[in-house]
1. Name the residues in segment 165-176 that are farther than 12 Å from Tyr84 by Cα and in contact (Cβ under 8 Å) with a residue 40 or more places away in the chain, would you?
2. Going through segment 185-207 one residue at a time, which ones are in contact (Cβ under 8 Å) with a residue 40 or more places away in the chain, in a loop (DSSP other than H, G, I, E, B) and surrounded by 17 or more Cβ atoms within 10 Å (Cβ to Cβ)?
3. Give just the number: which of (1) modelled with pLDDT of 90 or more; (2) surrounded by fewer than 21 Cβ atoms within 10 Å (Cβ to Cβ); (3) in contact with a Gly (Cβ under 9 Å, 6 or more places away or on another chain); (4) in a helix (DSSP H, G or I) does Glu360 not satisfy?
4. Got a number for residues in segment 156-185 being modelled with pLDDT under 90 and within 19 Å of the chain's Cα centre (by Cα)?
5. Determine which member of the set Ala210, Ala187, Ala226 is closer than 16 Å to Val164 by Cα and among the hydrophobic types (A, V, I, L, M, F, W, C).
6. Take the residues in segment 308-324 that are surrounded by 13 or more Cβ atoms within 10 Å (Cβ to Cβ) and out of contact with any helix residue (DSSP H, G or I) (no Cβ under 6 Å at 6 or more places or on another chain); name whichever of them is modelled with the highest pLDDT.
7. In segment 54-76, which residue that is buried (at least 18 other Cβ atoms within 10 Å of the Cβ) and β-branched (Val, Ile, Thr) is modelled with the lowest pLDDT?
8. May I ask you to verify whether Arg265 is within 23 Å of the chain's Cα centre (by Cα) and at pLDDT below 90?
Amino acid sequence: MNRPLFSSCLLAILTLSHADLSWPQPTIAPADSAVAEAESLAHLPVKVPIPPAVTPAFTVAIYDDVHLSPRVLADAQDEATRVYQKAGVAIIWIRCKSSKMDAEPDLRCQDPPSAMRLNLRIVPHARKSSDGVFGVAFLSAEGTGAYSDVFYDSVEKLDRDWNVGLVRVLGHVMAHELGHLLLGSNAHSRQGIMCPSWHGDELHLASMGALLFSQEQGRFMRERLASYGKADPKAKPDPAIKILVYNIAQAPRAVLAEAEREAGRILSKAGVQVSWIECSAGHSDAEVKEICQNGWGPINIGLRILVLPTVFHNRFQGDPLGFAISPALASVYYDHRLRFVADDVGLGLPRILGCFIAHEVGHLMLGSNSHSHQGLMQAGWGETQIHQALAGDLLFTSNQAKLIQTEARTRMSLQTGS
């Protein structure tokens, strides 16, 4: 694999994902009458129709890889919460572990992502070639998703350049990226917080806390969240599995956590929800400790992160991603040298490792001879597969998804004895 491929892989991250990759550096424009009116009304409550029933809410698991001060992070969350309150929507925040945390601070962080349980990660995105990019939301072709990132360095630079207020900018960018996940494809609008390009007018409104969702966007989000909360009595819930993680290779926690998120997203797209149990680290929680002590079984799949043997080259083509031992043990090779696929900060490594994990778990769920000519279960990975992995498009086929769901339900019935 030659160097031009690495550049093209990096380009894949910037061009193939559904993302806010068009935000230019803001230029101050003369305030028009709309801005002047907003400024005069900035301190008045914005009246948005809210259903008389309980306000619809969604949960956000937030991962702070920048290690912000608790005050800054809490204030930014409050700012994003305020933006959504104006739209008639409530947010429940869950603080999840970062690379410097030894244990998960909240067991709810182990819950799989869903339409009402979103993941937001704050990362130090320092790439020079992507100045002006403040965040990214990962959406499928169907316009659904549960993962979004905020690039803190760019947000910080925006505050330095335009003196908008760090907490205000960060909170609005967080709200914007979550907005993509709630509004779906084509969520950008000509004005308001979902405007794709933030110039002087938008920044001025943000500084006053007046950069908000439109009434139509607020109504759409409320109705969408309400529909998620209504269970279809005929619909079967997605089957669920637990994956017990044994980090034998001692991969960095931040890398492994992000890889688990990616693998969970891929399996969720196939209709199976995953809960991750970190069995390598000690746990004070009795329930988690008991799960790890009982070991893997029909539903509790074991996952070992192993050191890549030195006999293998640092290429994908022809190299094993890992191996699976039926019925419940998957092993994946970790090699820090894979970071060169993206850049010097290893932006692509967690996503690729997550694909490795989903691939090996797929072998356990699909059985022997489960390699395919397309999708995640291809035996050999070359340039095309790396591009798809970095873009979040390397998935199970529809037929494989049905088989995986059937196998997961079979395993659940075996464990419950039903």
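The values are calculated or read from the model by the stated rules, or taken from the named source; none is laboratory data. Given the structure is predicted, the values throughout are model-derived calculations rather than measurements. Here the Cβ is made from the backbone with ideal geometry for all residues, glycine too, and neighbour counts use every protein chain on show.
1. Going residue by residue through segment 165-176, those that are farther than 12 Å from Tyr84 by Cα are 165-170, 173.
Passing the criteria: Gly165, Leu166, Val167, Arg168, Leu170.
2. Ile193, Trp198
3. Failing condition for Glu360: (2).
4. 2
5. Values: Ala187 fails: closer than 16 Å to Val164 by Cα; Ala226 fails: closer than 16 Å to Val164 by Cα.
Within the list Ala210, Ala187, Ala226, the selection yields Ala210.
6. Phe323
7. My answer is Val66.
8. Values: within 23 Å of the chain's Cα centre (by Cα): yes; at pLDDT below 90: yes.
The answer is yes for Arg265.
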